[in-house]
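K.L.:
After the structure tokens below, expect a handful of questions from me.
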Amino acid sequence: MEDSVLSTEPQAAVAAASEAAEGAAKSRPSNVVLLERILSSLDEDKAEEVVQIDLRGKTAIADFMVIATGRSSRQVAGIAEKLTDRLKQEYGILSKVEGRDTGDWVLIDTGDVIVHLFRPEVREFYQIEKLWQPGVTPGQDGA
């Protein structure tokens with residue numbers, strides 16, 4: 001009798017994990033819905049100078065890129081934390097995050113949307129949105 005109990009428990013655990021994975025996959029939003037939620041989260045947390053860039057057809061890294069500024073390292077880290085928490089709670093999305101500890105430049109990769117959060121000075125220094133403007137070659141100022 002014990003053998004049958006032991007043999008069904010792993011199967012039940014596998015089945016439960018499979019159902020949970022299917023539920024998470026079903027609740028994953030479209031790339032546009034995800035972009036809209038990211039933009040609303042940034043607005044809720046008072047991110048500044050928010051720019052969205054449509055990458056579809058330009059690169060395979062993502063469909064959209066969002067660039068925003070926080071007033072301080074603490075605000076940048078806070079915006080990143082709240083955004084990743086919201087995406088996890090609402091859609092089951094586990095984002096890859098880099099730079100949250102320093103808060104100068106935080107990169108959040110959700111798969112379909114890549115989010116860059118900067119302190120003002122760091123954003124000004126790197127000017128990454130210029131890399132994606134039509135007709136601008138990296139290293140040129142666009143003039």
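K.L.:
Please identify the pairs in which a residue from the stretch 78-100 that is over 19 Å from Glu48 (Cβ atoms) has its Cβ atom under 6 Å from the Cβ atom of a residue that is of a type in the set (Val, Ile, Thr) and in a loop (DSSP other than H, G, I, E, B), counting only partners at least 6 apart or on another chain.
P.N.:
Leu87/Ile93; Ile93/Thr110; Ser95/Thr110
K.L.:
Sticking with this structure for a sec: Take the residues in the stretch 38-66 that are in contact (Cβ under 8 Å) with a residue 12 or more places away in the chain and in a loop (DSSP other than H, G, I, E, B); name whichever of them is surrounded by the fewest Cβ atoms within 10 Å (Cβ to Cβ).
P.N.:
Filtering first and then ranking leaves Ile61.
K.L.:
Looking at Ser95, is it farther than 22 Å from Leu34 by Cα and among the polar types (S, T, N, Q)?
P.N.:
no
K.L.:
Hey, another quick one. Filter the stretch 89-108 down to the residues that are over 10 Å from the mean Cα position of the chain (by Cα) and surrounded by fewer than 15 Cβ atoms within 10 Å (Cβ to Cβ) and list them by number.
P.N.:
Gln89, Glu90, Glu98, Asp101, Thr102
Values in this text are rule-based calculations from the coordinates and carry no lab data. If you're wondering where the values come from, they're calculated on a predicted model, not measured in any experiment. Here the Cβ is made from the backbone with ideal geometry for all residues, glycine too, and neighbour counts use every protein chain on show.
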